[in-house]
Amino acid sequence: MTTTEQVPDAVPTPTDITITAMEPEECPLLAEFLYQAIHVPPGTPTPDRSVVELPELRRYIEGFGRFGDACMVAKVETSDRPLIVGAAWARIFPRSATGYGTIDTATPEVSISLFPDWRDQGIGRCLMTVLLAQLRTDGHTAASLSVQCTNINALHLYESLGFTTISEHDGELVMRKSLAV
């Protein structure tokens, strides 16, 4: 695995995955990753892809690349070209258009998504580790996120990375991680 940031030795890393900063021309892929980030509990119908056009979701990716945005992608080499299989991104939301996990106007809210065939292989941990390191380098002292209580795998990942629950409402947790050195 290669990366733009050092991944701590304790993090298992898939050897055929590269973690890099998202290039501007790759930003349109965030719509698909936003869709893939939607947790659908077993027995629940999958939402139509147009759900990402709702204002409360669209704000996570609209105009991505503005000052303060950060995104890392996981790429796997194929015979043709590298294939992006996951993304972890961060954005600071204004008070007028907050995200589900927004805690204030100085703390970036992070999101992560992988294509289903690439989950449960340690890639998400690598993506989050590199993104959080980048946010720390950028001078942020904390990061936040939201996760549904029923999304057990994601919840365990976030807790293992040091996120702690700061609020709960209707089955949705808001979590925070200090990035202080």
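Summary of computed values
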read-out: Pair list, Cβ < 7 Å and 6+ apart or interchain, from segment 147-162 residues that are touching a residue at least 40 places away in the same chain (Cβ under 8 Å) to residues that are of a type in the set (Val, Ile, Thr); value: 154/147
read-out: Filter result (of a type outside the set (Ser, Thr, Tyr) and within 14 Å of the chain's Cα centre (by Cα)) within segment 85-103; value: 85, 86, 87, 88, 89, 90, 91, 92, 99, 101
read-out: Segment 155-181, subset of a type in the set (Ser, Thr, Tyr) and assigned to a helix (DSSP H, G or I), residue surrounded by the most Cβ atoms within 10 Å (Cβ to Cβ); value: 158
read-out: Breaking point among (1) aliphatic (A, V, I, L, M); (2) over 26 Å from residue 25 (Cα atoms); (3) buried (at least 16 other Cβ atoms within 10 Å of the Cβ), for residue 106; value: (3)
read-out: Answer from 88, 143 - the residue that is within 22 Å of residue 25 (Cβ to Cβ), outside any helix (DSSP H, G or I) and modelled with pLDDT of 95 or more; value: 88
read-out: Selected residue [in contact with a strand residue (DSSP E or B) (Cβ under 7 Å, 6 or more places away or on another chain), of a type in the set (Lys, Arg) and either on the phi > 0 side of the Ramachandran plot or surrounded by fewer than 22 Cβ atoms within 10 Å (Cβ to Cβ) (or both)] from 119, 91, 95, 136; value: 91
read-out: Residues being under 28 Å from residue 99 (Cα atoms), modelled with pLDDT of 55 or more and in a loop (DSSP other than H, G, I, E, B) - total across segment 1-32; value: 2
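Here is a yes/no grid of residues against (1) aromatic (Phe, Trp, Tyr); (2) within 24 Å of residue 76 (Cα to Cα); (3) more than 12 Å from the chain's Cα centre (by Cα):
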| site | (1), (2), (3) |
| --- | --- |
| 105 | no, no, yes |
| 109 | no, no, no |
| 113 | no, yes, no |
| 127 | no, yes, no |
| 141 | no, no, yes |
| 155 | no, no, yes |
| 172 | no, no, yes |
| 181 | no, no, yes |
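Residue-wise test of (1) in a loop (DSSP other than H, G, I, E, B); (2) among the hydroxyl-bearing types (Ser, Thr, Tyr); (3) crowded, with 18+ Cβ neighbours inside 10 Å.
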{"residue": "34", "(1), (2), (3)": "no, no, yes"}
{"residue": "45", "(1), (2), (3)": "yes, no, no"}
{"residue": "50", "(1), (2), (3)": "no, yes, no"}
{"residue": "71", "(1), (2), (3)": "no, no, yes"}
{"residue": "76", "(1), (2), (3)": "no, no, no"}
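The values are calculated or read from the model by the stated rules, or taken from the named source; none is laboratory data. Predicted model, so just to flag it, every value in this text is computed and none were measured. No Cβ is skipped: glycine too gets one built from the backbone with ideal geometry, and neighbour counts run over all protein chains shown.
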